[in-house]
Amino acid sequence: MSQLVLPLRLADHAVFASYFHSGNETLVATLVSVAEGRSGQGCWMWGPPSTGKTHLLQAVCDRAGDRSIYLPMDMLAAAGPGILEGLGDRDIVCIDDVDRVSGADDWELALFRLFNDLDASGGQLVVSASASQRECGFRLADLASRLMRLPTFRLKLLDEGQLAAALQLRADHRGLELPDETAAYLLKRSRRDMASLYGLLDKLDLEALRAQRRLTIPFVREVLRDSAAD
C-alpha cells in the first residue's frame with residue numbers, strides 16, 4: 001500500500017444518502033457501482049462550483065472505505081506529484097479538481113503513470129473537474145487519450161425547487177426538520193450556491209441545538225440578524 005500520509009478527513013455529511021441526485025441519477029448510480037466494486041471503468045465528472053463534485057467523490061470513498069483514497073488538488077497541488085507514487089495499488093483513487101494540475105508536465109506524467117498502474121491492477125480512477133477532458137488543457141497526448149476513455153458526466157445545476165429539496169434532505173440527514181416555508185425563506189435571503197446554503201444550515205443546526213429551538217422562520221430570522229450584526 002502507499003505510504004502517503006495526509007491530514008485529510010472525509011466530511012461527515014458526504015455520503016450518497018445525503019446527496020440530492022435529481023438530474024444526476026445515472027452518475028450517482030455509476031459511482032455507487034464503482035464504490036461497491038461492480039464497475040471497472042471509473043469516471044470523469046465535471047460542472048461548475050457547488051454542484052456536488054466533492055460530495056460525490058467523498059461519498060465514493062465513504063462507501064469504499066480503505067480500498068480508496070481522496071485527493072483534493074486545491075490542497076495538494078503544491079505538494080508536488082510525488083504524492084501519487086504508490087497509489088496504483090488502491091482499488092479506487094478519487095482526484096478532486098484534477099484540472100488544477102493540467103499543463104504541468106511533472107503532474108501530467110505522474111497522472112499518466114497512475115492511470116496505467118490502476119489499469120494494470122484493475123483499479124479505478126474517479127476524477128472531478130470544471131470542464132470536460134477536451135477543455136482542460138492536458139498537454140501529454142497519451143494522458144489525454146486515456147482520460148478520454150473514462151465515462152463522462154456533466155453535473156446539472158438545481159432549480160429553486162430542487163435547491164429547497166436538497167436543503168431539506170441535508171437537514172433530515174442531520175436529524176433536523178426544515179419546513180417548506182423555512183426552506184423558502186432561506187433561499188430568498190442567502191446565496192444560492194449549495195456550499196453557502198449548507199454552511200448556513202450547519203450554523204442553524206448549531207444555534208438550534210444551543211437554544212433548543214426548531215427551525216421556524218422567526219428563529220431563522222433571529223439567527224440571520226445576529227450573524228449580520230457580528
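Criterion first (within 23 Å of Gly23 (Cα to Cα), of a type in the set (S, T, N, Q) and crowded, with 18+ Cβ neighbours inside 10 Å) does Gln162 satisfy it? Against the criterion (within 23 Å of Gly23 (Cα to Cα), of a type in the set (S, T, N, Q) and crowded, with 18+ Cβ neighbours inside 10 Å), Gln162 does not qualify.
Of the residues making up segment 215-228, none is part of a helix (DSSP H, G or I), at pLDDT below 90, within 30 Å of Val98 (Cα to Cα) and not assigned by TED's automatic domain parsing to the domain that holds Val98. Scanning segment 87-98 for residues that are buried (at least 20 other Cβ atoms within 10 Å of the Cβ) and not aliphatic (A, V, I, L, M) yields Arg90, Cys94, Asp96, Asp97.
Among residues of segment 15-49 being aliphatic (A, V, I, L, M) and part of a helix (DSSP H, G or I), the one that is farthest from Ala129 (Cα to Cα) is Ala17. Counting only helices (runs of 4 or more DSSP H) wholly contained in segment 141-188, the ones carrying 2 or more residues that are touching a Phe, Trp or Tyr at 6+ places or on another chain (Cβ under 7 Å) occupy 141-147, 160-173. Pairing residues of segment 54-78 that are hydroxyl-bearing (Ser, Thr, Tyr) with residues that are assigned to a helix (DSSP H, G or I) and surrounded by 18 or more Cβ atoms within 10 Å (Cβ to Cβ), at Cβ distances under 7 Å and at least 6 apart in sequence or on separate chains, gives Ser68/Val60; Ser68/Cys61; Tyr70/Leu57; Tyr70/Gln58; Tyr70/Cys61.
The values are calculated or read from the model by the stated rules, or taken from the named source; none is laboratory data. None of these values were measured; they are calculated from a predicted model. Reconstructed Cβ throughout: ideal geometry from the backbone, glycine too, with neighbour counts over all protein chains shown.
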